[in-house]
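No lab work stands behind these numbers, since they all come straight from the coordinates. Here the structure is a predicted model, which means the values were calculated and not measured. Neighbour counts run over all protein chains shown; Cβ positions are idealised from the backbone, glycine included.
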Amino acid sequence: MSSLKSLESEYPIIDSNFHKFCASHAIFTVEDFLLNDVYVLVAFAECQSNSKELKQGITQVLSIIDSLHPPWMNGVDLLTDAQRNKQVLSTGCEGLDLLLGGGLHEGQLTELVGPSSSGKTQVCLQAATTIAYKCRASVVFVDTCNSFSSRRIADFVDRLLNPSLKQAKHKTLERIMSNVSCHSVFDIFGLLDLLHRLEMKLKTQDIL
């Protein structure tokens, strides 16, 4: 999250005095600002000799935050946007796709819950294979327990190919595996670091 100090060059009202005021309330980033009650913050500002400038700074930060977010949308607008603009990716399992309303939806987190050896990893491997094969898309597989299996990927590829294409299995498997990037992480710090690097790579349309 952006620090308030990074806004100073573009917005002069967010100056050193405003930073000191915010710091006195443990506010150093835009996220810190959002976690505070704005009305309480304004009340504290009114007690200062430079209250006018401080309140202008608060208004400026709120304006910046508002400009970075899309306008409010009602349920109908959200549904229409999802149907028109959001992609749905098949998991490769017809029954699961039906349950999920077509498959994995862009912008949504799909969680699989079940006891050990109930097939959660297999679903993920099948979805990764299907997306890499049918969509020719890049897939990042985050492996937290050494469960990734290239052999299972090969099995799923074998099921996807038509009998007439069996001879091309090796090339197809090679293409799919080049589209699937597996990263092993073993703690929350490794996971957060990977997600951060993935975000940076996606912004440049590059894959890890």
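Report, in deg cm²/dmol and to the nearest 500, the calculated mean residue ellipticity at 222 nm for the chain, where each DSSP H run with n ≥ 4 adds -39500 (n - 2.57) and the sum is divided by the residue count. Could the numbers behind the result be given before it?
On the way: 10 runs with 108 residues, N = 208.
Helices in the chain give a 222 nm mean residue ellipticity of -15500 deg cm²/dmol.
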- Task: Starting from the Cα of residue 171, draw a straight line to each of the lysines and keep only those under 28 Å, dropping any in the same chain fewer than 8 residues away.
- Result: 120, 134, 201
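Could you line up 84, 159 from fewest to most neighbouring Cβ atoms inside 10 Å?
Details: 84 7, 159 10.
Going from least to most buried by this count: 84, 159.
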- Is the range 4-67 best put as rounded, prolate or oblate by its Cα gyration tensor, with a ≥ b ≥ c the root eigenvalues, rounded for a/c under 1.5, and otherwise prolate when a/b is larger than b/c, oblate when not? rounded
- Task: At a Cα cut-off below 29 Å, give the lysines reachable from residue 20, other chains included and same-chain residues fewer than 8 away excluded.
- Result: 5, 52, 55
- Item | Within straight-line cross-link reach of residue 169, aspartates and glutamates at Cα separation under 13 Å, skipping those fewer than 8 residues along the same chain | 155, 158
